[in-house]
Amino acid sequence: MPLITVSDLTLGYESKIIIRNLSFKVERGDYLYIVGENGSGKTTLIKTLLKLQPPVSGKIEYEDGLTRKGIGYLPQQSNIQKDFPATVWEIVLSGRQKKRGLRPFYSSEDRKVANECIRRMELESLIKSSYRDLSGGQQQRVLLARALCTEGDLLILDEPVSGLDPVIMEEMYALVESLNRDGITVVMISHDIAAATRYASHIIHIGEKLFFGTRDEYLNSDTSKWSSAK
Amino acid sequence: MIKTLFEYLQYPFVQKALIVGVLIALCSALLGVTLVLKRFSFIGDGLSHVAFGAMAIATVLNLVDNMVIILPITVLCAVLLLRTGQNTKIKGDAAVAMISVGALAFGYLIMNVFSTSSNLSGDVCSTLFGSQSILTLSASDVWICISLSVAVILFFVFFYNKIFAVTFDESFSKASGIRVGVYNTLIAITTAVIIVLAMNLVGSLLISALIIFPSLSAMRVCKSFKMVTVMSAVLSVICAMTGLIVSILAGTPVGSTIVAADAAAFAVCLVIGRIKA
Ligand SMILES: Nc1ncnc2c1ncn2[C@@H]1O[C@H](COP(=O)(O)OP(=O)(O)OP(=O)(O)O)[C@@H](O)[C@H]1O
Ligand SMILES: [Mg+2]
């Protein structure tokens, strides 16, 4: 069974419809890119996948294990966070909330996992640094470490490379790709169609025409020719 | 000077004022961190004006126990303000401004029309800027304050990790199954409780200072959320004690003296923060 099966999904706010009749599947091990212009509804789509908001119509089915273990999520950065006084450690550890339920304090298991995620994202030297003193790339790595802490099989990343310079961006891509090679399924929003055609196994293009398919299908489709011509 | 101070400390009314002052300062600082970081501090400001309006109603009705009116009204408005703050149609800050100015005007109006007191402007002034009422607390006032403060502190300690998660990132918290709406409502209710308590200490116009100053000061010098929380609680308690003692010794108004101490602490933290950076 696929991790997520989406059929005939329509999304919108109140009376405004943003995406109409979208169907796709996410299989274990996939690396799915969601591309599209500003305001096309990428964030709305993944918020719906995360059950943060209800769809207008359509159906989303989850594999049992996915619901139980949870989804690692890296939200689009908000301005509130940029000058937040919290250490890298505090933020990464807060990724364990899912496992806490109503218990108020973290266990030694939680700390162990948080430490591993920090090591994985090469943040050991920054563990006591304040989030607001970090560079944009480091901040994104912290949020990625927090998402990893969920220990789910699926990571959903909302524009993890926006605002990063090309070198740091490549580092981020490499990190995410290595996670995907370790068996974690990745759904990633990006504006970078070039990167999508390089790394993705599947691509969703949201625009006047919806597209869902494998990378090769995308490269041969009208959607990609149309957007690269523009 | 020290001798007079110790003499004063023997008096029960001074002891009561210090206990209540310290507890209120502690609670408002704890919550202040979250409110400031969530950009909710304007709600605190609006609520303090609502509390003034409620106080006016209680005064006009000549209630012995005015808490019965003030607390529910303020809590209700806290929840309403939070809701409208999240509503995209009415601008959150405009809604708060509307309610707070409205409550202020309404409060003064009904006090003017219905009050039987001979010293109206004195009454109004003391509700706005705090009176010596902190020095005339009854035993039951003190107990109410102690139990509400303990409740606030327990809430904060028990839900500390959740509060941090919700403050730092609502979307992520929601996605990991935290019921963000519930916590936001709890935070709003706690804010209302603290504001009502603090009205005795500094008066309704100066409450926001108690909520905002300590956490802003702590944020200048501390790196972690935990240290910001601890530091702002400590600063707030020290400033409240200093303010109270100075006002008793020098006969200055209690509320303004405490806020002056908070402002001074902020200035010091600002300088320390600059030097560190
Ligand atoms: N809470 C909301 N209420 C009403 N409309 C909204 C809301 N959030 C987003 N929208 C609208 O929905 C549309 C899609 O927004 P969304 O954030 O999903 O776009 P996006 O593709 O993620 O854009 P970006 O690339 O800028 O992040 C936009 O037109 C936006 O104005
Ligand atoms: Mg977006």
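Looking at A:Leu45, A:Leu93, which is the one that is surrounded by 16 or more Cβ atoms within 10 Å (Cβ to Cβ), farther than 19 Å from B:Gly177 by Cβ and either within 16 Å of ligand 2 (Cβ to nearest atom) or within 14 Å of another protein chain (Cβ to nearest Cβ) (or both)?
Being surrounded by 16 or more Cβ atoms within 10 Å (Cβ to Cβ), farther than 19 Å from B:Gly177 by Cβ and either within 16 Å of ligand 2 (Cβ to nearest atom) or within 14 Å of another protein chain (Cβ to nearest Cβ) (or both) holds for just one of A:Leu45, A:Leu93, which is A:Leu45.
Do you know which of the residues in segment A:50-78 that are over 23 Å from A:Val142 (Cβ atoms) and in contact (Cβ under 8 Å) with a residue 60 or more places away in the chain is nearest to ligand 2 (Cβ to nearest atom)?
This residue is A:Leu66.
If you go through segment B:165-183 one residue at a time, how many are among the aliphatic types (A, V, I, L, M) and touching a Lys or Arg at 6+ places or on another chain (Cβ under 7 Å)?
Residues flagged as among the aliphatic types (A, V, I, L, M) and touching a Lys or Arg at 6+ places or on another chain (Cβ under 7 Å) within segment B:165-183 amount to 2.
Conditions: (1) more than 16 Å from the chain's Cα centre (by Cα); (2) of a type in the set (Val, Ile, Thr); (3) closer than 30 Å to A:Lys47 by Cα. B:Ile189 meets all but one. Number of the miss?
Looking at each condition in turn, B:Ile189 falls short on (1).
Can you go through B:Ala165, B:Ala198 and tell me which one is in a helix (DSSP H, G or I), touching a helix residue (DSSP H, G or I) at 6+ places or on another chain (Cβ under 6 Å) and within 26 Å of A:Gln97 (Cβ to Cβ)?
Only one candidate qualifies: B:Ala165.
Residues in segment B:38-72 that are of a type in the set (A, V, I, L, M), over 16 Å from the mean Cα position of the chain (by Cα) and part of a helix (DSSP H, G or I): how many?
Going through segment B:38-72 one residue at a time, the tally reaches 6.
Quick check, is A:Tyr13 within 16 Å of ligand 2 (Cβ to nearest atom) and surrounded by 18 or more Cβ atoms within 10 Å (Cβ to Cβ)?
no
Values quoted throughout were computed directly from the atomic coordinates according to the rules given, and no laboratory measurement underlies them. Values in this document were obtained by computation on a predicted structure and should not be read as measured data. Every residue, glycine as well, gets a Cβ built from its backbone with ideal geometry; the counts of neighbours run over all protein chains shown.
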